[in-house]
Amino acid sequence: MQLDLLGNSQDITPHEVVDVRTSTRDLNEALKQKGGDRDCFINTAIAITEETFGCQPKELYQATNARQNDRASLPKEAQKALISVQTVVTHAVTGHEVQSVTQPEINSELTDKSREVAKEHRKFLLW
């Protein structure tokens, strides 16, 4: 049990090692809960990479000699940045009230929200 400053209690989740795969899974689950589909997951990952690193995912993997689409093979600092940004985006998506109705609109709205939050969060990174 954890208490915040206002006295509101909440359960603490069991101990779990958090890595870039965990933060990606959590983000995709939040997108799914808000109505996003596989296209949304892909477009959001691209948007986060563009806003965080200023390049396309393919360029990031090539520049760092990482295995394509394997975020765990990225350098440590890149993984830390992704965990940080994805965590902030996950919380923003969770708190976002989707206004769109059609699947393409829902995907676009969630991706746009993710891009906006990632762009804002980039200011806190060391590059």
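The values are calculated or read from the model by the stated rules, or taken from the named source; none is laboratory data. These numbers were taken from a predicted model, which means no experiment stands behind them. Don't worry about glycine lacking a Cβ; one is built from the backbone with ideal geometry, like all the others, and counts go over all protein chains shown. The area values use the complete protein model at the heavy-atom level, side chains included, leaving out ligands, DNA and RNA. Shrake-Rupley method; radii C 1.70, N 1.55, O 1.52, S 1.80 Å.
Per-structure values
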item: Burial ranking of peptide ranges 79-91, 95-107, 25-37 (average Cβ count within 10 Å, highest at the top); result: 79-91, 25-37, 95-107
item: Label-point gap, in nm, between residue 15 and residue 55 - each point 7 angstrom along Cα→Cβ; result: 3.8 nm
item: Accessible solvent surface per residue of the chain, calculated while the other protein chains remain in place, 1.4 angstrom probe, Å²; result: 65 Å²
item: Length gained when the stretch residue 33-residue 77 is fully extended (0.36 nm per residue, less Cα-Cα span); result: 12.9 nm
item: Sites residue 124 and residue 65 - FRET efficiency at Förster radius 22 Å, r taken between beta-carbons, to 0.05; result: 0.25
item: The stretch 60-68 - phi-based ³J(HN,Hα) in whole Hz, Karplus 6.51/-1.76/1.60, Gly and Pro as x; result: 4, 5, 5, 5, 9, 6, 8, 6, 3
item: Sulfur and carbon atoms: percent of accessible area, the chain [1.4 Å]; result: 53 percent
item: Most positive-pole-ward Cα, 102, 74, 125, against dipole of the chain from beta carbon charges; result: 74
item: Neighbourhood net charge (15 Å Cβ-Cβ; Lys/Arg +1, Asp/Glu -1) for residue 88; result: +2
item: At least 18 Å along the helix axis (C-alpha) and Kyte average at least -1.0, DSSP helices within the chain; result: 38-53, 76-95
